[in-house]
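The values are calculated or read from the model by the stated rules, or taken from the named source; none is laboratory data. Keep in mind it's a predicted model, so treat the numbers as computed, not measured. Every residue, glycine as well, gets a Cβ built from its backbone with ideal geometry; the counts of neighbours run over all protein chains shown. The protein model used for the area step is the full one, side chains on, heavy atoms only, and it has no ligands, DNA or RNA in it. Shrake-Rupley method; radii C 1.70, N 1.55, O 1.52, S 1.80 Å.
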Amino acid sequence: MKYKSQAVAKPYFIAAIALFVAQILFGLIMGLQYVVGDFLFPEIPFNVARMVHTNALIVWLLMAFMGAAYYLIPEESETELAMPWLATLMFWIFLIAAGLTVAGYLLVPYAELAKMTMNDLLPTMGREFLEQPTVTKLGIVVVALAFLANIGITILKGRKTAVSLVLLIGLLGLAVFFLFSFYLPDNVVLDKYYWWWVVHLWVEGVWELILGAILAFVLIRVTGVDREVIEKWLYVIIAMTLITGIVGTGHHYYWIGTPEYWQWWGSIFSAMEPIPFFMMTVFAFNMVNKRRRNHPNKAATLWALGTAVMAFLGAGVWGFLHTLAPVNYYTHGTQITAAHGHMAFYGAYVMISLTIISYAMPLLRGREAANPARSQVLEMWSFWLMTVSMVFITLFLTGAGILQVYLQRYSDNPMPFLAVQEKISLFYWLREITGVVFLIGLILYVASFFVGQRDPEKAVEAAPAEA
Amino acid sequence: MSQILTKEMARNIFYGGSLFFFLLFLALTYQTHADISKGDRHQLLDDPQVGEQIRLGKKIWEENDCIGCHTLLGEGAYFAPELGNVYVRLGSNIDTLKARIKGLINMPATGVPTRRMPRFPLTDEQVDALAQFLKYVSEIKTNRNWPPTKQG
Ligand code: HEM
Ligand code: HEM
Ligand SMILES: [Fe+2]
């Protein structure tokens, strides 16, 4: 850690990991409700568990992104963070708001929560991923503004690198598109149309800038490859992201009452969206192969390479699988979507968060470069357990999805929804068992923070020539 | 990457390309606003008889997080049946739909471990509004009349 103020990142990372655990526990509850329908019913209905699962995911990813920015912006700008106290204050506001919101989901019926938080004044609740009460949404906006001001000023007064500019643009975009969550028209078609301006333009637009910037930062640090080379790659990748991803939003405008031409725009542009993800994979492996030093943080390098591969698989391959309109006609809103959503979110955003945490946490905890070997071994075990289980969760959901499409939408005698769910329950059981393995991986991950912290550490060494 | 492409060129492609395609997207959005009015049934929303009911129905739909279990035109959760076409599935009869909703929210505990819909405390007026809302959604003209079958 080169700058004192980078320390504000630490609570963000810790809270992120805690919420990650909560997310997975509620995922497992839902996974069980899929096969034992009345599990925890009526205490925790499925929709409530789902809200906690997805909102915890989003909040912890935002926490990790903010932590990442607070950590890397001072280093990139070569100056202390403008207002470290503000970052700490915002952390507590964000954490308390998130805690109260989750408590609200779990303790009172959702309709009650809407009443308590005066949803009538400015209705925004009750849409997938955007379930938060309006006051929570406003809180998020306040936190985001304070955060952007903080890192914006820091960048302005210090060195301006491509990494920090791209990160800033990504974070600004994140805040700007979130504003569409306050737009809730009565017209269902328009409601859906602009809902995607938050959801799609986040994950297939501005978040990819954040992903690219963090990945570039970590690769510069662990490989020692020339910044010029890495930043050129970064620009090319994110250029492809936005060139394909913005109009690619059209892959959500096939069947919601929007005009037919979106089938062309959406199919053609979104079919090219895997390109930047593929480039990211090539980029990461190239840089690691050309490394100028052997950084002792092997775990962080593993997470970085893992991100590049899994993001391409989850977003690129599984996204492409159902993105062409004639295919999406059958797969829209089935377990295929869930399969893709899981691997893409995990591969891209969960893994990049764990990458920066893996790189920064040892430094934030006062070590020279990396965690002790014992801790890294455990962390790498958790990498493989979580990643392999996510691959299998995706495969089982894909299996479920293919059968669902066939039985409910394709065969000569289409069967009712619930009858189909009954028929494919084996896949849901397998998903649930794999989910438990995922949880074990996550427990090992948490444990790795508590292992061998007193062991001596190895220093950064130059790579052997021609390596 | 090749030597011909400099970092500055890459940066300019990023700014120029993003801006161009964002503007294209805005233009397509503008055009979409003009075109959807043909099939989005906005007339119903302005209708003096049912407009108010549909609006109320949408609000109840949102304030009970129905989307947390169901899909609506393929978006939402995959735990319970698609509702964008439930009006059609139940025989395009508004009274059947109302009765179905009432049946579900008054269903006593069965002890059978099947998926359940919560017993929402809704008034008759609210159920009527929900049914009108679901009927409105089912009448939105979707390409190729999605969903592929009436099972959703
Ligand atoms: C990291 C990037 C990505 C993430 C995190 C992600 C995540 C998701 C999620 C969560 C959904 C479900 C949304 C809902 O609940 O309705 C979804 C839908 C979809 N995604 Fe992605 N996605 C990513 C990239 C991509 C890419 C690159 C493609 C195309 C090549 C793609 C194609 C699709 C399609 C076609 C749907 C709609 C599925 C349906 O019709 O039900 N995604 N994505
Ligand atoms: C890092 C790991 C995970 C991530 C990033 C994640 C993400 C998500 C997302 C984005 C959704 C919404 C899906 C959509 O609308 O397309 C979702 C739903 C769900 N997740 Fe996860 N999840 C994770 C782990 C798990 C685990 C371990 C389980 C359980 C075994 C699980 C079970 C579920 C279930 C049952 C749903 C509901 C699907 C539905 O709508 O019916 N998740 N998850
Ligand atoms: Fe998308």
field: Positions within the stretch B:74-108 being hydroxyl-bearing (Ser, Thr, Tyr) and within 12 Å of ligand 2 (Cβ to nearest atom), in sequence order
entry: B:Tyr78
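Confirm whether B:Thr96 is more than 8 Å from chain A (Cβ to nearest Cβ), free of Cβ contacts under 8 Å to residues at least 40 places away in the same chain, among the polar types (S, T, N, Q) and assigned to a loop (DSSP other than H, G, I, E, B).
Working: more than 8 Å from chain A (Cβ to nearest Cβ): yes; free of Cβ contacts under 8 Å to residues at least 40 places away in the same chain: yes; among the polar types (S, T, N, Q): yes; assigned to a loop (DSSP other than H, G, I, E, B): no.
Here the answer is no, as B:Thr96 does not meet what is asked.
Quick one: which residue in A:Gly316, A:Gly333 is free of Cβ contacts under 8 Å to residues at least 60 places away in the same chain and assigned to a loop (DSSP other than H, G, I, E, B)? Can you show your working first?
On the way: A:Gly316 fails: assigned to a loop (DSSP other than H, G, I, E, B).
Result of the check over A:Gly316, A:Gly333: A:Gly333.
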field: Selection from the stretch A:303-359 of residues that are touching a Phe, Trp or Tyr at 6+ places or on another chain (Cβ under 8 Å), within 14 Å of ligand 2 (Cβ to nearest atom) and small (Gly, Ala, Ser)
entry: A:Gly306, A:Ala311, A:Gly314, A:Ala315, A:Gly333, A:Ala338, A:Ala339, A:Ala344, A:Gly347, A:Ala348, A:Ser353
message: Looking at the stretch A:360-390 only, could you name the residues that are within 16 Å of ligand 2 (Cβ to nearest atom) and polar (S, T, N, Q)?
response: A:Ser382, A:Thr387, A:Ser389
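Here's the yes/no breakdown for (1) crowded, with 19+ Cβ neighbours inside 10 Å; (2) closer than 25 Å to A:Thr331 by Cβ; (3) modelled with pLDDT under 95:
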{"residue": "B:Leu5", "(1), (2), (3)": "no, no, yes"}
{"residue": "B:Asn12", "(1), (2), (3)": "no, no, no"}
{"residue": "B:Phe22", "(1), (2), (3)": "no, no, no"}
{"residue": "B:Ala27", "(1), (2), (3)": "no, no, no"}
{"residue": "B:Glu63", "(1), (2), (3)": "yes, no, no"}
{"residue": "B:Ile94", "(1), (2), (3)": "no, no, no"}
message: Exactly one condition in (1) under 30 Å from A:Met118 (Cβ atoms); (2) surrounded by 19 or more Cβ atoms within 10 Å (Cβ to Cβ); (3) at the interface with another protein chain (Cβ under 10 Å from one of its Cβ atoms); (4) away from ligand 1 (no atom under 16 Å from the Cβ) is false for B:Leu122; which is it?
response: (2)
task: Scan (1) more than 13 Å from ligand 3 (Cβ to nearest atom); (2) part of a helix (DSSP H, G or I) for the single condition A:Thr258 breaks and write down its number.
output: (2)
Count of the stretch A:333-343 residues which are open to solvent by less than 20 Å² (accessible area, probe 1.4 Å) and either within 10 Å of chain B (Cβ to nearest Cβ) or within 8 Å of ligand 1 (Cβ to nearest atom) (or both): 5
message: Residues that are part of a helix (DSSP H, G or I) and either aromatic (Phe, Trp, Tyr) or in contact with a Lys or Arg (Cβ under 7 Å, 6 or more places away or on another chain) (or both): does the stretch A:1-11 have at least one?
response: no
Residue within the stretch B:76-83 that is within 16 Å of ligand 3 (Cβ to nearest atom) and not acidic (Asp, Glu) present: yes
